[in-house]
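Read the structure below first, then the notes.
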Amino acid sequence: MKYFTLIVSVLVIPLLTVHAANSCNQACPGYRPSPIQYPFGFSSGCEIRLNCIPNGGIAIGEFPIQSINHDSIRINLKSHCNRPLHTLRNFYSRKYAPTSRNAILLQNCTEGTASGSCEIPNLLVQARFDAPPNCSSNSSLSCYAETRKDVPFLDFGSVERKDCKFLLSSISAPPQLLNSSTPAAPVMLEVEVLDLGWWLEGTCGCDKNANCTTVVSPNGTEGYRCNCKEGFLGDGYVAGSGCWKVSSTCNPAKYLSGQCGGKSRFILLIGAVFVGASLMISVALLCCFIRRRSKLKARHSTKRLLSAATGNCNIPFYSYKEIEKATNSFSDKQRLGNGAYGTVYAGKLHDEWVAIKRIKHRGHESMDQVMNEIKLISSVRHPNLVQLLGCSIEHGEQILVYEFMENGTLCQHLQRERGEGLSWLSRLNIAAETAQAISHLHSASNPPIYHRDIKSSNILLDCKFRSKVADFGLSRLGMVETSHISTAPQGTPGYLDPQYHQNFHLSDKSDVYSFGVVLAEIISGLKAVDFNRPPDEVNLAALATDRIGRACLNEIIDPFLEPCMDDAWTLSSVQKVAELAFRCLAFHRDMRPTMIEVTAELELIKLSRWPSSEENTYTASSEGSSHCSPSSVSEKPLSITKSRSLRSVIALQNGDAGSFNSSEKLRDNSPVTFQDTWLSERSSPSSNSLLSNVIQ
């Protein structure tokens, strides 16, 4: 029978408690124990109303409650300078008030004996209490405590009569400490807390198994408190849960360990535990099943999208866990660089280093960009285009896996962020290989592909400094039957085709313009956009066209290359590349060469270094073997005559497009020549680039 009574007590009494106080909300989300015991609660129907703080705490007014027991409420009263003294009145109500165990710390008292009633040893105060730095020192603090031991509560009137303006904080200590300079034994001193004694009004309404304590409030009225007798549990009030008996020989620890006897009760407990555990396991399995099913559904949906995007190409699909492990949870130590559309990390998949691009979240826009990049990059193959090795699209992440380029980007080398600088021959090879890749996108693909983001930071270099073009996120398919497509301008400032920006017409010549900026960077080592330069030189494209057009290339040439300018071939090739960059940067797209023409001219410039008998013996190992890479064949300085192609470009840039016919533009593709001192200049590089193909 006693076991049945205990079970009923555990399961039924909380329901009775809620029913008895149905007009009082005793639950506060996040606070434990919940519900709080009678007579406390959080609504107007409760005997002693408290405030429920959203973060899971409880408070009186704005002051958080530290703890509640059968006779007191402990408040956290943090030290605060210049807090008005009348704040203390908030702790006086019809059912609670500060007890005489408190010593009130005051500021700015006019009465000379303000601290005479509170003789706390100064050493204890200094050791346990630190006033805020903007307050006066501890020695200037005033203290008030009740001197009579038979007074249970702090007299607010007496505190006011001390004529102090501010309430700093409070100290809770036993009465023997508050009125003794040398305590007889070690005692506990609690700082920044305030103890409130509480009671209920009226005559005793306690359970028959509870003790009733009469309380005389500060205003003289009588109240009471209830506390269950020894051997009983509960709040002790008739209006609450009352008191119920607990076996003195069977505490909860013994009950759970099976030492209380009662076989049927023990079996019941085991059964309850088993049922509860089974229920929890069932819920967990159901959640795992639902989660796994949603993952599979999302993966199948993603694979359908990939299949639609790539056609017959089979792109490997990696799980998010594999990617996370490869990048060491996307560690900053493995981060290669940041871009406008994502972050690139180095990772190891199947014992092979790869570059992992984590796309930034932008809703459907980021997913469209990923699918666009996968579709375009999987549809073309070229030695100078970066290879897509796989992808991962789950957990709300869009991740692309590329081949790893050991030497980073062209931009990093031009800006001396990596390496000691590139020789002119290495730069020329990189330019030629990049041009081959772009030309392949324009001419070998059907329909053509417009990259839209050609820049030095999208040209990557492998261990042998061969280049590959990367980042197809902004690329678009062109139309064979028209010269351009209409779309909103997108790209990187400093590389964007001005006509594309002006009339929204995207064409292959937009990539030509961007490549012209890259050529300017290769020659000058300057950034495409640099606000540290004078205002009229911030944009490298404008700076380069101005200096090249005025035959002042020497003003912008990379100082790293200047020692090589004594070599005839180097001087000649730099001038020819500068002339080519000038044509690529023409404002009117009709005056720009095609990428096929650009590729052909760069190859001719490269081959001009070797005699015809040596052309077939040239190998990539000769590239960059020295800083200047002098040629075995010297060339005469270029003549001072400018070709018609340069004059026509200048004319079009000045708005005189009618003075030259289209046949002249197309017929004259030879490099423009200048006087001996003429050199070309370039603008600043962007940030990332890719792999390249080898010159056979």
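The values are calculated or read from the model by the stated rules, or taken from the named source; none is laboratory data. A quick note: this is a predicted structure, and the numbers were derived from the prediction, not measured. Cβ: placed from backbone, ideal geometry, glycine included. Neighbour counts: every protein chain shown.
Structure values in brief
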read-out: Of the criteria (1) within 19 Å of Ala97 (Cα to Cα); (2) of a type outside the set (Phe, Trp, Tyr); (3) surrounded by fewer than 22 Cβ atoms within 10 Å (Cβ to Cβ); (4) modelled with pLDDT of 85 or more, which one Thr147 fails; value: (4)
read-out: Residues of segment 224-240 classified as surrounded by fewer than 23 Cβ atoms within 10 Å (Cβ to Cβ), farther than 20 Å from Cys46 by Cβ and not charged (D, E, K, R), total; value: 3
read-out: Test: Gln66 is in a strand (DSSP E or B) and either surrounded by 13 or more Cβ atoms within 10 Å (Cβ to Cβ) or modelled with pLDDT under 70 (or both); value: yes
read-out: Set Gly478, Gly473: member being modelled with pLDDT under 90, under 27 Å from Val370 (Cβ atoms), out of contact with any His (no Cβ under 9 Å at 6 or more places or on another chain) and crowded, with 19+ Cβ neighbours inside 10 Å; value: Gly473
read-out: Matching residues in segment 222-238 - criterion: being closer than 24 Å to Tyr92 by Cα, out of contact with any His (no Cβ under 9 Å at 6 or more places or on another chain) and touching a residue at least 40 places away in the same chain (Cβ under 8 Å); value: Gly223, Tyr237
read-out: Elements of type helices (runs of 4 or more DSSP H) in segment 234-340, at least 3 residues being at pLDDT below 85; value: 252-257, 263-310
read-out: Matching residues, segment 527-561, being within 39 Å of the chain's Cα centre (by Cα) and among the β-branched types (Val, Ile, Thr); value: Val529, Val538
read-out: Helices (runs of 4 or more DSSP H) within segment 491-579 that include 3 or more residues buried (at least 23 other Cβ atoms within 10 Å of the Cβ); value: 508-524, 540-549
read-out: Selected residue (criterion: nearest to the chain's Cα centre (by Cα)) from residues of segment 69-108 that are closer than 25 Å to Asp163 by Cβ, β-branched (Val, Ile, Thr) and not in a helix (DSSP H, G or I); value: Ile75
read-out: Those residues of segment 407-434 which are more than 20 Å from Lys455 (Cβ to Cβ) and either crowded, with 24+ Cβ neighbours inside 10 Å or not assigned by TED's automatic domain parsing to the domain that holds Ile557 (or both), in sequence order; value: Trp424, Leu425
read-out: Residue within segment 356-377 that is at pLDDT 75 or above, surrounded by fewer than 17 Cβ atoms within 10 Å (Cβ to Cβ) and among the acidic types (Asp, Glu) present; value: no
read-out: Residue match in segment 423-432 (condition: modelled with pLDDT of 90 or more and either of a type in the set (Phe, Trp, Tyr) or in a loop (DSSP other than H, G, I, E, B) (or both)); value: yes
read-out: Answer residue from segment 376-409, given it is among the β-branched types (Val, Ile, Thr) and part of a strand (DSSP E or B) and is nearest to Ala435 (Cα to Cα) among those; value: Thr409
read-out: Residue in segment 395-406 that is surrounded by the fewest Cβ atoms within 10 Å (Cβ to Cβ), counting only those that are touching a residue at least 60 places away in the same chain (Cβ under 8 Å) and under 14 Å from Lys468 (Cβ atoms); value: Glu403
read-out: Condition met for Lys468 (among the charged types (D, E, K, R) and within 25 Å of Gln490 (Cα to Cα)); value: yes
